[in-house]
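I have placed the structure first, in the form of structure tokens, so that the comments after it can refer back to it.
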Amino acid sequence: MRKTTIEIDEQKVARVAATLGTGTLRETIDRSLDAVLAQAARNSLIRRFSQPTDLADGDVMRRAWGD
């Protein structure tokens, strides 16, 4: 970890902390970063499963239908 100094919107942090149920600035920032990473992972899965490339693969479809 590293220490840094940043300017931060205290009202925004307070709203985020209330939403996340966090008690400290450090916890709020850490949980916010976790939430962004989790959302990125969900978006990746959505993209992956919204493009059913296997449906165009005859071998895959035959195996799926037991032929």
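We did not get these values from a lab; they are worked out from the coordinates using the rules stated. Quick caveat: nothing in here was measured; it's all calculated off a predicted structure. Glycine gets a Cβ as well: all are built from the backbone with ideal geometry, and neighbour counts include every protein chain shown.
Mind listing whichever residues of the range 8-29 are touching a Ser or Thr at 6+ places or on another chain (Cβ under 8 Å) and part of a helix (DSSP H, G or I)? Those that are touching a Ser or Thr at 6+ places or on another chain (Cβ under 8 Å) and part of a helix (DSSP H, G or I): 13, 16, 17, 20, 28.
Take the conditions loosely packed, with under 10 Cβ neighbours inside 10 Å and within 20 Å of the chain's Cα centre (by Cα) and apply them to residue 50. Does it pass? Yes, satisfied.
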